[in-house]
1. Angle, helix 140-153 long axis vs. longest principal axis of the chain, Cα atoms, 0 to 90°, nearest 10?
2. Cysteines of the chain lacking any other cysteine beta carbon under 4.7 Å?
3. Around Ile85, which amide H atoms from residues at least 5 apart in sequence, or from another chain, sit under 5 Å from its own amide H, with H modelled in the peptide plane?
4. Taking the simple approach of a point 7 Å from Cα along Cα-to-Cβ for both Ala295 and Asp106, what is their distance in nm?
5. To the nearest 20 debye, what is the magnitude of the charge dipole of the chain about its Cα centre, counting +1 on the Cβ of each Lys and Arg and -1 on the Cβ of each Asp and Glu?
6. How far is helix 60-70 tilted off the main Cα axis of the chain, in degrees rounded to 10, range 0 to 90?
7. Just from its helices, what would the mean residue ellipticity at 222 nm be for the chain, if runs of 4 or more DSSP H residues each count -39500 (n - 2.57) and the sum is divided by every residue, rounded to the nearest 500 deg cm²/dmol?
8. Loop only by DSSP, 13 or fewer other Cβ within 10 Å of the Cβ. Give me the chymotrypsin sites (Phe, Trp or Tyr not before Pro) in region 259-340 that pass, ordered by residue number.
Amino acid sequence: MSAEYATFGLAPAMRAGGVLVNGDYQVHRDFLDFIVDGRPLLFQLSDLDAVSPLASDIPPAIFTEQVRSLLLDADAPLPDGRYVIYGCPECADLACGAVTAAIEKDGADYIWRDFAWQTDEHADLELNGYHGIGPFRFDGTEYREVLGALLDSGSGNTRRRVLLIGARVALLAKLAAALRIIGIGADIAHDTNGVHADELRGYGAVAFGRAVTEEERASVRHAFEQAGVDVAYVDGLAPIVPLLVAQIEHALDRSPVELRRLTRLVAADGEAGVEVTSSCRVSLTAYRLDRLYRAHAHEVFDGVLEPGRHRIALDAKAVKGESFVVARTAGSVLVEAMAR
């Protein structure tokens with residue numbers, strides 16, 4: 001293959017939802033990202049909070065239409081043969097802004113070119129073009145095989161639910177409500193006794209409260225093993241809803257580890273150690289329980305970090321006593337208890 005060709009692929013990705021310190025909610029979205037030359041295309045677009053059109057929560061007919069559009073088997077949705085590559089994760093409205101590109105065929109090959117940030121029907125390439133990205137020429141056979149496989153399977157991803165098991169019903173109810181608001185299904189149970197295997201297959205994660213005994217946890221794990229279900233298990237760090245939501249978000253991340261932006265978080269001695277693989281905005285939030293078991297949250301860092309490892313000093317008051325740190329980018333979340 002000529003050196004001018006770029007490889008094309010797809011990989012699971014997510015837009016991390018969450019409960020923010022100011023009380024706002026950020027919607028969780030599962031989608032398939034475009035992998036160009038082995039690297040997510042989204043990472044080349046600076047710090048962009050966006051999802052591809054191949055999202056798991058859109059109706060099957062619309063998902064199929066999106067795939068056919070990228071294959072040029074359907075008309076372009078925008079003038080000048082332009083297609084939405086990434087859009088707003090909250091509403092998918094073009095007015096919020098979207099990354100678009102012209103897609104065309106050259107013989108059997110597919111070419112993506114003239115990337116731009118677009119907020120209405122017509123793109124201004126001079127003002128809003130991504131001049132350092134593309135054009136990309138994809139081998140037609142590889143391109144059609146990758147996207148065509150989605151038509152055969154009928155979906156790009158499967159939305160999963162979370163099973164919450166614990167003794168504090170009021171806390172579990174608040175957690176379930178928060179998860180549902182951000183787009184994650186959640187059910188509450190005391191155990192899995194008598195639950196049919198088909199029901200268990202609908203879960204992608206199980207979250208245990210701190211009061212759940214090891215014997216009870218083992219029983220739940222055994223039930224999922226007997227059902228042949230591979231789920232992620234979350235041991236709740238503290239009865240703090242935003243913290244538990246962050247733990248569950250991390251557990252639901254099915255993206256390949258090597259394709260993530262945020263890859264490492266350590267918290268000790270009043271510092272946080274963070275590692276990122278590409279330039280991106282990172283926020284750090286500290287949660288703690290005081291002597292009366294009341295929860296406190298503090299935003300301790302919010303800024304753009306360059307690729308590599310970083311040490312960030314934390315406010316001593318924010319990590320006093322039993323405390324935890326959440327690191328967040330648009331696409332991933334990590335959680336660590338503060339080591340003493």
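Read-outs throughout are calculated quantities, based only on the coordinates presented, and are distinct from any laboratory measurement. These numbers were taken from a predicted model, which means no experiment stands behind them. Because the Cβ atoms are built from the backbone with ideal geometry, glycine has one as well, and the counts that use them run over all protein chains shown.
1. Helix 140-153 and the main axis of the chain meet at about 50 degrees.
2. For the chain, the answer is Cys91, Cys280, because their Cβ atoms have no other cysteine Cβ under 4.7 Å.
3. Val99, Thr100, Ala101
4. 5.4
5. Values: 33 positive and 49 negative charges, 301 e Å.
It comes to approximately 1440 debye.
6. Compared with the principal axis, the helix lies near 40 degrees.
7. Values: 7 runs with 71 residues, N = 340.
-6000 deg cm²/dmol, from helical runs alone.
8. Working: sites: Tyr287, Tyr293, Phe301, Phe324; in loops: Tyr293.
Those that pass, being in a loop and sparsely packed, are Tyr293.
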